[in-house]
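Beneath this line is the structure, given in structure tokens, with notes to follow.
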Amino acid sequence: MRFRNLCFLALALLVAYVAIMTVAELPPYGRPDNPVHNQVAERYIDGALTETGALNMVTAIVLDYRAYDTMFETIVLFTATLAVVITLKTGKGGGREQ
Amino acid sequence: MNELWPRLLVNYPYLAAAILFVIGTFTVLTHPNLFKKLLGINIMESAIFLTFVASGNIRGGVAPIRATANAEAVYINPLPSALMLTGIVVSVSVTAFALALIVRLYRVYGTTDLRRIVVRRKEVTGDDGFAQG
């Protein structure tokens, strides 16, 4: 069990090394000229009010530009609820405890 | 390899996310308790959310809401925040289903400790859960 934990520690250190080297190569945090702020974000910021009428741009994206995404998200939530009910209420060991 | 620390400290939200991700990985790998494994998965998810939301931020920018800001304000990027709303829903769904599975395992085996579950499974069925077929 100790050997296993040492292996896991080595694995975690490897993951940490990779993640920290990636962080060092990312563009500096909080600059307005980062590649994240490209024409897509500009379009959402400039056009959200006139195209959707929503004051909050996150609301405009979630409920208007990406409405299908939000709709299928509700299906994900519904499926998860269904899976929880099926798991807890059916089969051997399901239902009420003896 | 030169000037590693300044580049890391400029990106301190990403660094915090990386540390959180490693903590989550280590928790998932080392704790035999299923609830703690689930906690580790949730910590890893939080690290991903932090990475995305931090990538959309601008220093001195305001929240992307028209009503609260003056005309020349710089808005932060609303797209990562909107995408992470989807991610949070998936995270909640996965957590709920995993909790249901843990409750079911507890009803059958009387424990949430993975090592004891393997031992009891071997006692009852003679199968350690790893054999083929």
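Shape analysis of the protein assembly as shown places it in the oblate category; the axes a ≥ b ≥ c from the Cα gyration tensor give an a/c of at least 1.5, with a/b not above b/c. Only the Cβ atoms of Lys and Arg (+1) and of Asp and Glu (-1) were treated as charged; on that basis the dipole of the protein assembly as shown about its Cα centre amounts to roughly 1320 debye.
Count Lys and Arg as plus one, Asp and Glu as minus one, and take only other residues whose Cβ is under 11 Å from that of A:P27; the net charge is then 0. In chain A, the convex hull through the Cα atoms has an average projected area of 13.1 nm², a quarter of its surface area. Summarising the overall dimensions of the stretch B:4-125 from its C-alpha atoms, the Rg and Dmax are 20.3, 71 angstrom.
Helices assigned as whole DSSP H runs in chain A whose Cα atoms extend at least 30 Å along their own long axis and whose mean Kyte-Doolittle hydropathy is -0.5 or higher are found at A:2-25, A:67-89. Our summary gives chain B a relative contact order of 20 percent, counting only alpha carbon pairs under 8 angstrom and 6 or more residues apart. Where only DSSP H runs of four or more residues are counted, the protein assembly as shown gives -23000 deg cm²/dmol as its mean residue ellipticity at 222 nm, each run worth -39500 (n - 2.57).
Using C-alpha pairs below 8 Å separated by at least 6 residues, the relative contact order for chain A is 9 percent.
Read-outs throughout are calculated quantities, based only on the coordinates presented, and are distinct from any laboratory measurement. Everything numeric here is computed off the predicted structure, so don't read it as measured data. FYI the Cβ positions are ideal-geometry reconstructions off the backbone, even for glycines, and counts take in every protein chain you see.
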